[in-house]
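One structure below.
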Amino acid sequence: MKTIEKVEIAHLGLRYEHTRIRQPSAVMKMSASLERFGQLMPVLAVDSGDGARTLIDGYLRVKALKHMGRDLVVARMWEQSEPDALVYMMAGMQGRAWDVYEQAAIINELRLAHGISCGQIAALLGKDKSWVTRRLLLFETLDEKMIALIRRGKISSWSAQRILVPLARANPDHAELLIQALQKENISTRRLSLLFEHYKKSNRNIRQNIVSEPHLFLKAMESELAHKNAETIHHGPEGKWLKDIRVVKHILMRLVKAAPEVFYPGQSRLDQRRLLSALRDAAIVMETLKQRIDDDQKRNPPNDFIVASGRLHDPAHQSHSQGVAQHGSQCH
């Protein structure tokens, strides 16, 4: 049985506030909604004894009400233990979009503050144990400074899970340098993902530069990309085709040079047949390309011929006598 009552916000214990990500814009949006419609859904709280209440769920609503200067909040009082309330909040509220960090933070509370094992947490939530351990990687791998960035909304949980965790496990020093840079200036999830892709493909010196000056590296990379895009637009599809055919030429030259090592006396018929079959397939494609170009040139002559031919039929380029003979006199 859960009772509904009005609780003074000042008397609510906010011990799980750190399990939520700060979202100032969401607080303003919630404030506007509460101002217009009132509090439609009660928050969830438990009796902590001695008249104290601990807020389990509804931190955004409470922040919005405090922002509005309100003193009371409508709360559903959970009559069982705090761990039961936390499990109910995560498992029982279907359709809620949970952030990975928030899931991880609540699981970490169940494990450390309430002494529940990962296997038990998984069973209570109806999840696999691997689902629980994957989320706990955030707290087991990242230090408090990194966790604080996520909690303050400076870096997304997706970035933390896909970038900071693997980076911290592979090179803690580089993860620390990247965090220091992120504390000074935010980097969007898309740009951070792009940065990490370059990091994974780079040598040691470049990796050091990437994590030390990520914003500078991104600016240089984006400038280079913009230059390449401008060149692509300038040269058009003809430029791309020319670039590709030159690549094909260099590949063919490399194959010619390697042919004596690939085809040798005593080679098995199976290996030779496989190699020659691939060569024939490539030759067919090249012949198809040549034939396509020949056919297109027959249907569409070069532009200078089209221009010259067009002038023969354009009245503006005909003699006066030809124009009168063709269209008649303009005078009546």
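Does segment 178-197 include one or more residues that are of a type in the set (S, T, N, Q), exposed (fewer than 10 other Cβ atoms within 10 Å of the Cβ) and in a helix (DSSP H, G or I)? Within segment 178-197, not a single residue is of a type in the set (S, T, N, Q), exposed (fewer than 10 other Cβ atoms within 10 Å of the Cβ) and in a helix (DSSP H, G or I). Would segment 75-98 turn up any residue that is hydrophobic (A, V, I, L, M, F, W, C), in contact with a Lys or Arg (Cβ under 6 Å, 6 or more places away or on another chain) and within 15 Å of Thr19 (Cβ to Cβ)? No: zero hits. Looking at (1) at positive phi; (2) outside the structural domain of Thr3 (by TED's automatic domain parsing), can you tell me which one Val87 breaks? Exception for Val87: condition (1).
Please go through segment 48-67 and give me each residue that is surrounded by 14 or more Cβ atoms within 10 Å (Cβ to Cβ) and over 12 Å from Leu14 (Cα atoms), ordered by number.
Once the filter is applied, which keeps residues that are surrounded by 14 or more Cβ atoms within 10 Å (Cβ to Cβ) and over 12 Å from Leu14 (Cα atoms), segment 48-67 yields Arg61, Ala64, Leu65, Lys66, His67.
Evaluate segment 21-33: report whether one residue or more is touching a strand residue (DSSP E or B) at 6+ places or on another chain (Cβ under 7 Å), within 22 Å of Val87 (Cα to Cα) and in contact (Cβ under 8 Å) with a residue 40 or more places away in the chain.
So in segment 21-33, the residues touching a strand residue (DSSP E or B) at 6+ places or on another chain (Cβ under 7 Å) come out as none.
So far as segment 21-33 goes, no, none of its residues is touching a strand residue (DSSP E or B) at 6+ places or on another chain (Cβ under 7 Å), within 22 Å of Val87 (Cα to Cα) and in contact (Cβ under 8 Å) with a residue 40 or more places away in the chain.
Name the residue, out of Leu218, Leu275, Leu225, that is within 36 Å of the chain's Cα centre (by Cα), at negative phi, assigned to a helix (DSSP H, G or I) and in contact (Cβ under 8 Å) with a residue 12 or more places away in the chain. Exactly one of Leu218, Leu275, Leu225 is within 36 Å of the chain's Cα centre (by Cα), at negative phi, assigned to a helix (DSSP H, G or I) and in contact (Cβ under 8 Å) with a residue 12 or more places away in the chain, namely Leu218.
Pairing residues of segment 136-165 that are under 12 Å from Arg22 (Cα atoms) with residues that are of a type in the set (S, T, N, Q) and part of a loop (DSSP other than H, G, I, E, B), at Cβ distances under 6 Å and at least 6 apart in sequence or on separate chains, gives Lys154/Asn186. Residues of segment 241-272 that are surrounded by 10 or more Cβ atoms within 10 Å (Cβ to Cβ), of a type in the set (D, E, K, R) and farther than 29 Å from Glu231 by Cβ: Asp271 alone. If only residues of segment 68-105 that are of a type in the set (Asp, Glu) and either touching a helix residue (DSSP H, G or I) at 6+ places or on another chain (Cβ under 7 Å) or crowded, with 16+ Cβ neighbours inside 10 Å (or both) are counted, the one that is farthest from Ala148 (Cα to Cα) is Asp71.
What's the total number of residues in segment 26-60 that are assigned to a helix (DSSP H, G or I) and closer than 23 Å to Leu110 by Cβ? If you could, list the steps in order and put the result at the bottom.
Of all residues in segment 26-60, those assigned to a helix (DSSP H, G or I) come to 26-37, 59-60.
Then drop every residue that is not closer than 23 Å to Leu110 by Cβ, which leaves 59-60.
Of the residues in that region, 2 qualify.
The values are calculated or read from the model by the stated rules, or taken from the named source; none is laboratory data. All figures in this text were calculated on a predicted structure; none of them were measured in a lab. FYI the Cβ positions are ideal-geometry reconstructions off the backbone, even for glycines, and counts take in every protein chain you see.
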